[in-house]
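Below: the structure, in structure tokens.
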Amino acid sequence: MTQLKTIDIKGKSYVMVNERIAYFRKTYPEGLIITELLSSTDGVYTFKAMAISNGNVLATGHASEKDGSSFINKTSALENAETSAVGRALGILGIGIDTSIASAEEVGNAVQNQKSNIEDTAKEIIDNGDFL
């Protein structure tokens, strides 16, 4: 497999979704990536993505994102969910999975959510006086 560009997140290499898509297009010139919004409820968007070649579904991926749950999701949760679903489908197909099916975007978002959750918990503890 061609070496795909990676970025480092917390000491691990992850492949960006755009790199996975470019590799898919090169490997499967007749291929299609089809996405479908499965649900949009209370600001949570769930997508399904399928990687298809010659009419055969090669891989499927799903992802959900919530409005406001991270910096990027303050304005682009819908788009982020779709991109993550595509990245997962291509990862399941074996594209860009040297270390993980997760894409760089997914991992970066998870790291940001963890930071946000820790900050929110700390603020809640301080606001409630629970640290005494």
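The values are calculated or read from the model by the stated rules, or taken from the named source; none is laboratory data. Quick caveat, the model's predicted, so the values are computed rather than measured. Because the Cβ atoms are built from the backbone with ideal geometry, glycine has one as well, and the counts that use them run over all protein chains shown. These accessible areas exclude ligands, DNA and RNA; they are computed on the full protein's heavy atoms, side chains included. Shrake-Rupley method; radii C 1.70, N 1.55, O 1.52, S 1.80 Å.
Annotations for the structure displayed:
- Over all other residues within a Cβ to Cβ distance under 15 Å of residue 58, the charged ones net out to +4, with Lys and Arg as +1 and Asp and Glu as -1.
- Remark: the stretch 28-71 carries 56 Å² of accessible area per residue (probe radius 1.4 Å; ligands, DNA and RNA excluded).
- In the stretch 1-40, the alpha-carbon atoms span a convex hull of 101 Å³ per residue.
- Charge tally for residue 45 (other residues, Cβ to Cβ under 14 Å; Lys, Arg +1; Asp, Glu -1): -3.
- Surface share of carbon and sulfur [accessible, 1.4 angstrom probe, percent] for the stretch 1-77: 53 percent
- Ordering of 37-49, 80-92 by packing [mean C-beta count within 10 Å, highest first]: 80-92, 37-49
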